[in-house]
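The values are calculated or read from the model by the stated rules, or taken from the named source; none is laboratory data. Remember, predicted model here, so these are calculated numbers, not experimental data. All Cβ positions, glycine included, derive from the backbone under ideal geometry; neighbour counts span all protein chains shown. SASA here: full protein model, heavy atoms, side chains in, ligands and nucleic acids out. Shrake-Rupley method; radii C 1.70, N 1.55, O 1.52, S 1.80 Å.
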Amino acid sequence: MGMERGTIDDVPLAALFPGAPTHDLDHVRRVAAAVDTLRLAAEPPEWEWFRDHAACPDPLPEGITPLVLTTTVALVHEETGVDWLELELDVAWIRPGGLAALAAVSVACWCDIDHNTHYPVETVVDVRNGLPLGEAFEHAASRLPAWLACPRDPEYWRAQAALPARPKLLPRLRPE
């Protein structure tokens, strides 16, 4: 089974996080609903999940972070898909048996070698040492409003991370 999509109400949280208590899953759902309010009016709330990753893959694939739950809040998108600025919120396996909530700013890559995406800033909150999934998810999601207050310009974020700028031959984007 591959990726599935829907609203946060469609996400089978109990199947994705089988050991989590109901109150913790309710916490995740409340935080996700709050994240949905950060979206642009034209962007319908959409979450993606991977039932295949409910259990930690063994071994973990090298160079890939197995996502369990993810969403993207688009801030700037070019119709051709050449450039973008997005906020991402994920729950993923970051080490064997190690689940984490991750929040990041995502921009298109303009390096000589195409990496597709760069994450100029990110927050990784480990779900361990007694930290419940809902609290880790809320802590990661709490970064999104601060990032929304920053310029909605991919070049701003690339400059923050000393990444190559978009070539001058391509038009600049305007925030949506």
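Of note:
- By accessible area, using a 1.4 Å probe on protein heavy atoms only, the chain has 54% of its surface on carbon and sulfur.
- The C-alpha atoms of the chain define a longest principal axis, and helix 22-36 lies at about 20 degrees to it.
- Solvent-accessible area of LEU163, all protein chains in place: 40 Å² (probe radius 1.4 Å, heavy atoms, ligands and nucleic acids excluded).
- Per residue, the accessible area of the chain comes to 53 Å², computed with a 1.4 Å probe over protein heavy atoms only.
- Accessible surface ranking that places the most exposed of ILE94, ILE64 first, with a 1.4 angstrom probe: ILE64, ILE94
- Here the chain is assigned +1 on the Cβ of each Lys and Arg and -1 on the Cβ of each Asp and Glu. Its dipole about the Cα centre then comes out at about 400 debye.
- Charge sum, other residues only, whose C-beta stays under 13 Å from ARG5's C-beta, Lys/Arg counted +1 and Asp/Glu -1: -4
- Within the assembled protein chains, the solvent-accessible surface assigned to PHE50 is about 40 Å², based on a 1.4 Å probe.
- Each residue was assigned an accessible area with a 1.4 Å probe, and for ARG143 the value is about 90 Å².
- For the chain, with +1 on Lys and Arg beta carbons and -1 on Asp and Glu, the positive-most of LEU25, SER142, PRO164 along the dipole: PRO164
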